[in-house]
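The values are calculated or read from the model by the stated rules, or taken from the named source; none is laboratory data. Keep in mind the model is a prediction, meaning the values are calculated, not measured. Note that each Cβ is placed from the backbone with ideal geometry, even for glycine, and that neighbours are counted across all protein chains shown.
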Protein chains: 2
Amino acid sequence: MRQSQLFGKTVREAPKDEISQNAILLSRAGYIDKLMAGVYSYLPLGLKVLSKIKNIVRSEMDAIGGQEILMPALHPREVWDETKRWESLKEIMFQFKGRGGKDLGLGATHEEIVVDIARKRISSYRDLPVYLYQIQDKFRNEPRAKSGLLRGREFSMKDLYSFNQNQHDLEVFYSQATQAYGKIFARCGLQAIVTEASGGAFTSDYSHEFQVATPYGEDEIVVCPAGDFVQNTEICQLKTGDRCPHCGQAVKLVQSIEVGNIFKLGAKYSQDMGLTFADENGKKQEVIMGCYGIGPSRVMGAVVEVYHDDKGIIWPASLAPYQAHLLLLDQQKSALTDQVYQELTQAGCEVLYDDRQESAGIKLNDADLIGLPVKLIIGAKTGEHELEYQLRDNSDQGKLKFDRVADFLNQLYKK
Amino acid sequence: MRQSQLFGKTVREAPKDEISQNAILLSRAGYIDKLMAGVYSYLPLGLKVLSKIKNIVRSEMDAIGGQEILMPALHPREVWDETKRWESLKEIMFQFKGRGGKDLGLGATHEEIVVDIARKRISSYRDLPVYLYQIQDKFRNEPRAKSGLLRGREFSMKDLYSFNQNQHDLEVFYSQATQAYGKIFARCGLQAIVTEASGGAFTSDYSHEFQVATPYGEDEIVVCPAGDFVQNTEICQLKTGDRCPHCGQAVKLVQSIEVGNIFKLGAKYSQDMGLTFADENGKKQEVIMGCYGIGPSRVMGAVVEVYHDDKGIIWPASLAPYQAHLLLLDQQKSALTDQVYQELTQAGCEVLYDDRQESAGIKLNDADLIGLPVKLIIGAKTGEHELEYQLRDNSDQGKLKFDRVADFLNQLYKK
């Protein structure tokens, strides 16, 4: 993509009410646009990152047998009344009236909807197990939405729902899903810590959160240095330095961002909504459920919180909107650089080409702000048939002959 | 995909209040699930079709220079007040209050939002032209929503917005977009008739609709047999048999479905919202806009209205959720059929494999209902190392050696 044609110029200032690093950097670099608190548009660069995250999530959900569906955001009240959550979630759910005074709500979550779909189609043990997921936008009437992509009023969510015959099968799948989540976060460059948290109203069991440690996280977790005990402070009274009964060592408190959350729902929704199956003996049983959430837009925000410096974003290779940023710093060499750009594009490399009539200083600063993993620089001092490369994380730099660049990028992105 | 594991069984009866063919067939075949009037979930088969349509649309929008973005559905009132459309669209737009009594609406269209994004980033003629599009869900408080996917309260939409320096550049792009739309509908198997329609409140010019003739369409168009005059009856008083002044022949009225609509917006939104640029002489000018809509979910419904018979759906190859339906009709041959399935899958063919323990009659009926372009049948009478193929549109059938099947499918899908 030629940067002269890319929509979404970099800007010096983020919207003045933005206080989170992810919102400031993503706004300044032209990835997102703020419409109101907690509600953002994704500009071309931002949508590319979001799509890469969604595709990573999708591939790992498919790998554990997930089948992708797409449920609506607009819900009738009746199905939410069956679980009494129309009332209990009214603070967080947008609720309003459609034609004829019909009560409607925007999906803050989708248990009721997926169970309604499932109960029409699951009747026998032969129909189980089933694992359904969607990647869709959720809406929540959040009291505070000051953390950019970390807490949205409208935000992207992958929610998977598992349907099993019994608790044992749920446990087995829950463990597979936990591992799949680990792979997703690792592929996104995040070290996610599996954390025990409240199971909510429906289970005395813990739920599990995936927490990423950063100084600006909204959550706080209690971590034992021995590594086998992590709890959200919402269920744990220990303070930094307290001895943890579980591991016998002094714990520490860490600020963190929740990027995923998984629950064993058991028979709660099946009971309320009549989701049953006939077992092998013909006996009616309740379907045992679990639910598994990851917010792709929140992951995008979390990655920026973890990967940035004072100059801008530093994307992990897996999420970068383009593989390389080709910078033309000497307008005398524009024909030559055009040719390099064309050859790399034809070789299948995703290249953002800064062909603008701007100073070298502006181009280098913009490249650092946008944060692609590697800069490919052609300037006055570059030798013949070669360019200079610099990794955005400063781990390497050097010179490359033109005919070596595509291989270099392929190597870098195979890692 | 093994059909024994596919979520979304075929059913004999559609929901009893469905009256449109697309809703009846898509429900019975397991593509969609109705949550309420005009609001559907896409089950695994349905989401595959919808994704294929979206990808066709995406590729043709990219080909004319479109840059994909993603705007939110949740909008603040303020930006809609700037064009006075908060009031004028209140019948069709879901409007409600969020925290602090803030007026919020769900996007029925996105001119106001995209202009708000554009005015922050377009300041000079060097920033133009720009073509931005998104594929996103729209919400409309429809009085009637009885036509399945043809008229949704929540529905998928591709909306592209063009930003040009002057009317001439708009006309040039408008013509390119018209051609791109023709390609999209042709790739989806639809013959779309370009139809003059009202330009709405913002232009004395006509807008252009893309209409597909079917007996169950909600629209009616006036067609001259000479082929160079088509108007929506909303702007044309002629009746069947009337002489058309334009072509001198007797016109006929045709029922049809609108699958796309394009408008020259001119300076309407730029004026209301202050979207201007400095031209080459430094003079402030208003940006000239157009907008271009296609509903992927509506296209899906229209395709089913056009392509079905009394047994079920007949998908065009480009939209079929799987390329072929492999039917095991003789359980004695299940190991053999498993092997054929694996080999085809490894060869990159998308195969739905009916491995269920059901009768041949049920499997053949389900295959006709689901409507994949080709059935691959292995039964008691099939010879050694061969299977029988039948095209769903009855245009061809015959026998194939196993090692010829992948080539056969590749040929069929290259057409």
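Observations, loosely collected:
- Annotation for segment B:320-339: at least one member residue is in contact (Cβ under 8 Å) with a residue 24 or more places away in the chain and of a type in the set (Ser, Thr, Tyr).
- Filter result for the condition that a residue is closer than 30 Å to B:Ser175 by Cβ and small (Gly, Ala, Ser), over B:Ala302, B:Ala335, B:Ala347: B:Ala302
- Selection within segment A:89-110 - more than 9 Å from every other protein chain (Cβ to nearest Cβ) and buried (at least 22 other Cβ atoms within 10 Å of the Cβ): A:Gly105, A:Gly107, A:His110
- Selection count, segment B:45-56, where residues are touching a Leu at 6+ places or on another chain (Cβ under 7 Å) and more than 10 Å from every other protein chain (Cβ to nearest Cβ): 3
- Among the candidates A:Val115, A:Val130, the residue that is surrounded by 17 or more Cβ atoms within 10 Å (Cβ to Cβ), among the hydrophobic types (A, V, I, L, M, F, W, C) and at the interface with another protein chain (Cβ under 9 Å from one of its Cβ atoms) is uniquely A:Val130.
- Residue within segment A:65-82 that is surrounded by fewer than 19 Cβ atoms within 10 Å (Cβ to Cβ), assigned to a loop (DSSP other than H, G, I, E, B) and not assigned by TED's automatic domain parsing to the domain that holds A:Asp159 present: yes
- Checking the stated criteria, B:Arg77 turns out not to satisfy the condition of being free of Cβ contacts under 8 Å to residues at least 40 places away in the same chain and at the interface with chain A (Cβ under 9 Å from one of its Cβ atoms).
- Scanning segment A:136-159 for residues that are under 13 Å from the mean Cα position of the chain (by Cα) and at the interface with another protein chain (Cβ under 10 Å from one of its Cβ atoms) turns up A:Gln136, A:Asp137, A:Gly152, A:Phe155, A:Ser156.
- A:Ser59 vs. criteria away from chain B (no Cβ under 12 Å), polar (S, T, N, Q), within 30 Å of B:Arg2 (Cα to Cα) and not in a loop (DSSP other than H, G, I, E, B): yes
- Applying the criterion of being away from every other protein chain (no Cβ under 11 Å) and part of a loop (DSSP other than H, G, I, E, B) to the residues of segment B:20-39, the residue that is nearest to the chain's Cα centre (by Cα) is B:Ser20.
- Candidate set from segment B:367-391 (those that are among the charged types (D, E, K, R) and out of contact with any strand residue (DSSP E or B) (no Cβ under 7 Å at 6 or more places or on another chain)); member that is surrounded by the fewest Cβ atoms within 10 Å (Cβ to Cβ): B:Glu384
- Leading residue by the ranking (farthest from the chain's Cα centre (by Cα)) among those in segment B:232-275 that are free of Cβ contacts under 8 Å to residues at least 40 places away in the same chain and within 28 Å of B:Thr83 (Cβ to Cβ): B:Gln271
- Qualifying residue in segment B:198-207 (condition: of a type outside the set (D, E, K, R), closer than 29 Å to B:Ile314 by Cβ, modelled with pLDDT of 90 or more and surrounded by 13 or more Cβ atoms within 10 Å (Cβ to Cβ)): no
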